[in-house]
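The values are calculated or read from the model by the stated rules, or taken from the named source; none is laboratory data. Treat the numbers as computed from the prediction; the structure is a model and nothing was measured. Note: ideal-geometry Cβ built from the backbone for every residue, glycine included; neighbour counts use all protein chains shown. Only protein heavy atoms, including side chains, enter the accessible area calculation; ligands, DNA and RNA are left aside. Shrake-Rupley method; radii C 1.70, N 1.55, O 1.52, S 1.80 Å.
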Amino acid sequence: MYQNLTLTDTATRLPAGLPTLILFHRHPDGDAIGAGFGLKLILEAMGCTALCVCEDEIPERLRFLTEGMQDSVLKENLPADFVPTQIISVDTASPAQAGVLYPDYEGKFDLMIDHHAKGEMYADGYIDGSASSAGELIYRLSRELMRMGRLTAIPEGVDRLLYAAVSSDTGCFRYSNASPETHRAAAALLEAGFDSADLNHRLFGVKSYKLLQAEKVGFDRLKLYADGRLGIVDMPYAVMEQYGFTDEHLGTLVDVARGLQGVQVAVAIRQPKAEGVYRVSMRSSCEVDVAAVCAEFGGGGHIKAAGCTVSCEGGIEAVVEMIAEAVTAVL
Ligand SMILES: [Mn+2]
């Protein structure tokens, strides 16, 4: 069986001087990228050749974080002469999150560093479900390495990457996972003196034209139920086609309903293909457990953020009504 390691054990196990591959989850977000590249810089300072790898390339809007560090994270673009003897994953709770790359490294992971409370261990791990982000865990590791004398200074750029990771996974410190410890970590990271206002603006204040357009279209389609306490935004396949929307433009669709005053449960329903399959995202701003509601439809998640996939022959209108009924029953 795989072991859950202490901070000190994990810091002790980090390799020095060895070629190391750092894998993070598919569809990488700010936490995966910030924590992965933060660890890369730390390991490089410890004499390793360290490269990041992911099923998917770093999205355009997050490229500014890793500029000049590694042109591509796709496996086929890694240098042919790079043969890692150490493999570490960050922010990757299960083989499924590692995606198509998992079989290539199955049984070869030396360490997994992750903050998801529910996961499937595939290596010995430093796993703390109470941490806000993988970035917060790498922050702890970096300071532990300093304490142990394995690192003589925090390498240039590390704290900015880790701050970006923490900020990303806490929604700019707005989510309930931003604990006092998270804020203390962020405060310590800020001491490095990078421009955090600019960083947070790029992470949260800037949206692509298409994403804003999807929010506008979504707002026009917003329906309210239960005296305005339930808001549902739907996005039929025909509308997605009309505007050329893809999943990357619809990540904030649920926030369109969630941000409206009075809405306590927000729902976004997407129809990614012409067939009758619908993806439902649900957010609760009250006591309603949306994970329980989504479980009725075979989905799951957290109490305040959950999702499910629904098959229905009756069209998206039928799905909207079905979800509205299920939520209204517990609201
Ligand atoms: Mn994360």
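Put simply, of ALA306, ALA257, ALA226, ALA329 the only residue that is surrounded by fewer than 20 Cβ atoms within 10 Å (Cβ to Cβ), at negative phi and among the hydrophobic types (A, V, I, L, M, F, W, C) is ALA329. Using the structure shown, decide if ASP128 is of a type outside the set (A, V, I, L, M), free of Cβ contacts under 8 Å to residues at least 40 places away in the same chain, within 16 Å of the ligand (Cβ to nearest atom) and open to solvent by less than 10 Å² (accessible area, probe 1.4 Å). Against the criterion (of a type outside the set (A, V, I, L, M), free of Cβ contacts under 8 Å to residues at least 40 places away in the same chain, within 16 Å of the ligand (Cβ to nearest atom) and open to solvent by less than 10 Å² (accessible area, probe 1.4 Å)), ASP128 does not qualify. Across segment 1-54, the number of residues qualifying as surrounded by 15 or more Cβ atoms within 10 Å (Cβ to Cβ), more than 16 Å from the ligand (Cβ to nearest atom) and in a helix (DSSP H, G or I) comes to 9.
Which count do you get for residues in segment 161-198 that are without any contact (Cβ under 8 Å) to a residue 60 or more places away in the chain and buried (at least 19 other Cβ atoms within 10 Å of the Cβ)?
Of all residues in segment 161-198, those without any contact (Cβ under 8 Å) to a residue 60 or more places away in the chain come to 170-175, 177-198.
So of that shortlist, the ones also buried (at least 19 other Cβ atoms within 10 Å of the Cβ) come out as 170, 177-178, 182, 185-186, 189.
Summing the residues that are without any contact (Cβ under 8 Å) to a residue 60 or more places away in the chain and buried (at least 19 other Cβ atoms within 10 Å of the Cβ) in segment 161-198 gives 7.
Do we find that ALA123 is without any contact (Cβ under 8 Å) to a residue 24 or more places away in the chain and either assigned by TED's automatic domain parsing to the domain that holds ALA164 or closer than 16 Å to LYS40 by Cβ (or both) in this structure? When the stated conditions are applied, ALA123 does not pass them.
Flag not set for ILE138, criterion: touching a Pro at 6+ places or on another chain (Cβ under 9 Å) and open to solvent by less than 30 Å² (accessible area, probe 1.4 Å). Please find, within segment 102-120, the residue that is nearest to the ligand (Cβ to nearest atom) out of those that are open to solvent by 10 Å² or more (accessible area, probe 1.4 Å) and either free of Cβ contacts under 8 Å to residues at least 12 places away in the same chain or outside any loop (DSSP other than H, G, I, E, B) (or both). If we take residues in segment 102-120 being open to solvent by 10 Å² or more (accessible area, probe 1.4 Å) and either free of Cβ contacts under 8 Å to residues at least 12 places away in the same chain or outside any loop (DSSP other than H, G, I, E, B) (or both), then TYR102 is nearest to the ligand (Cβ to nearest atom).
Among the residues of segment 244-275, those identified as touching a strand residue (DSSP E or B) at 6+ places or on another chain (Cβ under 6 Å) and small (Gly, Ala, Ser) are ALA257, ALA266, ALA268. Identify the residue in segment 150-164 that is part of a loop (DSSP other than H, G, I, E, B) and small (Gly, Ala, Ser) and, among all such residues, is nearest to the chain's Cα centre (by Cα). Going through the qualifying residues, I end up with GLY157.
Criterion first (of a type outside the set (Ser, Thr, Tyr), free of Cβ contacts under 8 Å to residues at least 12 places away in the same chain and within 20 Å of MET322 (Cβ to Cβ)) does ALA238 satisfy it? So ALA238 fits the description; yes. Exactly one residue among ALA186, ALA238 is at pLDDT 95 or above, within 30 Å of VAL319 (Cα to Cα) and out of contact with any His (no Cβ under 9 Å at 6 or more places or on another chain), and that residue is ALA238.
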